[in-house]
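The values are calculated or read from the model by the stated rules, or taken from the named source; none is laboratory data. Please read all numbers here as calculations on a predicted model, not as lab measurements. A quick note on method: Cβ atoms are made from the backbone with ideal geometry, for glycine too, and the neighbour counts reach across all protein chains shown. Surface areas here come from the heavy atoms of the whole protein model, side chains and all, with no ligands, DNA or RNA. Shrake-Rupley method; radii C 1.70, N 1.55, O 1.52, S 1.80 Å.
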Amino acid sequence: MTTRKRPSLKPRKIPQQSRAGQTVAAILEAAARILETKGIEGLNTNSVAQRAGVSIGSLYQYFPGKDALIVALCQRERAVFFAEAEGALREPSGERALQHLIAASVHQQLRRPALARLLDAEEGRPAIARELAPFIVAMSELIGQILAHEDIPPQPSIETAADDIIAIVRAMVDAAGYRGEEDRAVLEERVSRTLSGYLGMAG
């Protein structure tokens, strides 16, 4: 009995020249727009290539299949979020840093809510989650640096607290996205109250 080889979720090659980078960017944006308009069922390599204005052969030079496209799109969106979230480390206090992190999380979810909801669901698949694991590690480390501020009450375990914060923020922000919420300020305030209570900052 032969075992079926799992399709690779990694890019076939990394673009080295600006033109190749533009091709990959066009392919990923085409995939994003198809997800937003047609959902996961409407996403396939042929439709993405057509929308991006490239040949199917050009697409396959970089992505071996649909799941590889999804992973790359998740990585693109997470990179945008992480770049914004890193600004929290430049804030003068732990409280301000937390507010920055919350604002970045809410912005990421609500700027393209349909895309965010679909990618959230895909990220729950074990194979895709494995590919995105380094992001979780990086986020935990970032939050650990925020929790080291003097104005944040000491936590029994920085690592556990960081993981809990990721889970709390993601659950609340994702739920708001699914409900179709659009008021960022109201959502940020709710998440802030929740984290303040968890960290023992509420007075």
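When you scan segment 95-113, do you find a residue that is open to solvent by 60 Å² or more (accessible area, probe 1.4 Å), in the same structural domain as VAL191 (by the TED database) and not basic (Lys, Arg), even just one?
Yes, some residue in segment 95-113 is open to solvent by 60 Å² or more (accessible area, probe 1.4 Å), in the same structural domain as VAL191 (by the TED database) and not basic (Lys, Arg).
Among ARG78, ARG90, ARG51, which is the only one that is in contact with a helix residue (DSSP H, G or I) (Cβ under 6 Å, 6 or more places away or on another chain), at pLDDT 95 or above and either open to solvent by 20 Å² or more (accessible area, probe 1.4 Å) or under 21 Å from ILE165 (Cβ atoms) (or both)? Reasoning before the result, please.
Values: ARG78 fails: at pLDDT 95 or above; ARG90 fails: in contact with a helix residue (DSSP H, G or I) (Cβ under 6 Å, 6 or more places away or on another chain).
Of the residues listed, the single one that is in contact with a helix residue (DSSP H, G or I) (Cβ under 6 Å, 6 or more places away or on another chain), at pLDDT 95 or above and either open to solvent by 20 Å² or more (accessible area, probe 1.4 Å) or under 21 Å from ILE165 (Cβ atoms) (or both) is ARG51.
Identify all residues within segment 125-141 that are open to solvent by 60 Å² or more (accessible area, probe 1.4 Å) and either part of a helix (DSSP H, G or I) or closer than 28 Å to ILE158 by Cβ (or both); write none if there are none. Give the steps one after another, and end with the answer.
In the first step, residues of segment 125-141 are kept if they are open to solvent by 60 Å² or more (accessible area, probe 1.4 Å); the result is 125-126, 130, 134, 136-137, 141.
Scanning segment 125-141 gives PRO126, ARG130, PRO134, ILE136, VAL137, GLU141.
Quickly run through segment 42-70 and pick out the residues that are within 19 Å of ILE128 (Cβ to Cβ), assigned to a loop (DSSP other than H, G, I, E, B) and not aliphatic (A, V, I, L, M).
The answer is ASN44, PHE63, PRO64, GLY65.
Hey, GLN145 hits all of (1) in a helix (DSSP H, G or I); (2) open to solvent by less than 60 Å² (accessible area, probe 1.4 Å); (3) over 30 Å from ILE34 (Cβ atoms); (4) not charged (D, E, K, R) but one; which does it fall short on?
Tallying (1) in a helix (DSSP H, G or I); (2) open to solvent by less than 60 Å² (accessible area, probe 1.4 Å); (3) over 30 Å from ILE34 (Cβ atoms); (4) not charged (D, E, K, R), GLN145 fails exactly one: (2).
For ALA161, are the conditions met, namely being closer than 21 Å to GLU91 by Cα, open to solvent by less than 70 Å² (accessible area, probe 1.4 Å) and either small (Gly, Ala, Ser) or touching a residue at least 40 places away in the same chain (Cβ under 8 Å) (or both)? Steps first, please.
On the way: closer than 21 Å to GLU91 by Cα: yes; open to solvent by less than 70 Å² (accessible area, probe 1.4 Å): yes; either small (Gly, Ala, Ser) or touching a residue at least 40 places away in the same chain (Cβ under 8 Å) (or both): yes.
When the stated conditions are applied, ALA161 passes them.
Restricting to segment 164-183, name every residue that is crowded, with 17+ Cβ neighbours inside 10 Å and of a type outside the set (Val, Ile, Thr).
MET172, ALA176, GLY177, GLU181
I need the full set of residues from segment 105-161 which are of a type in the set (A, V, I, L, M, F, W, C) and in contact with a Phe, Trp or Tyr (Cβ under 9 Å, 6 or more places away or on another chain), in order please. Working first, answer last.
Looking only at segment 105-161, we keep the residues that are of a type in the set (A, V, I, L, M, F, W, C), and these are 106, 110, 114-116, 118-119, 121, 127-129, 132-133, 135-139, 142-143, 146-148, 152, 158, 161.
Those that are of a type in the set (A, V, I, L, M, F, W, C) and in contact with a Phe, Trp or Tyr (Cβ under 9 Å, 6 or more places away or on another chain): PHE135, ALA138, MET139, LEU142, ALA161.
Determine whether segment 77-90 contains at least one residue that is farther than 21 Å from GLU131 by Cα, assigned by the TED database to the domain that holds ILE166 and not in a helix (DSSP H, G or I).
no
Residue pairs, Cβ under 9 Å, 6 or more apart or interchain, first in segment 129-141 and touching a residue at least 24 places away in the same chain (Cβ under 8 Å), second among the small types (Gly, Ala, Ser). List them.
Final answer for the pair search is PHE135/ALA79; ILE136/ALA129; MET139/ALA85; MET139/ALA162; SER140/ALA162.
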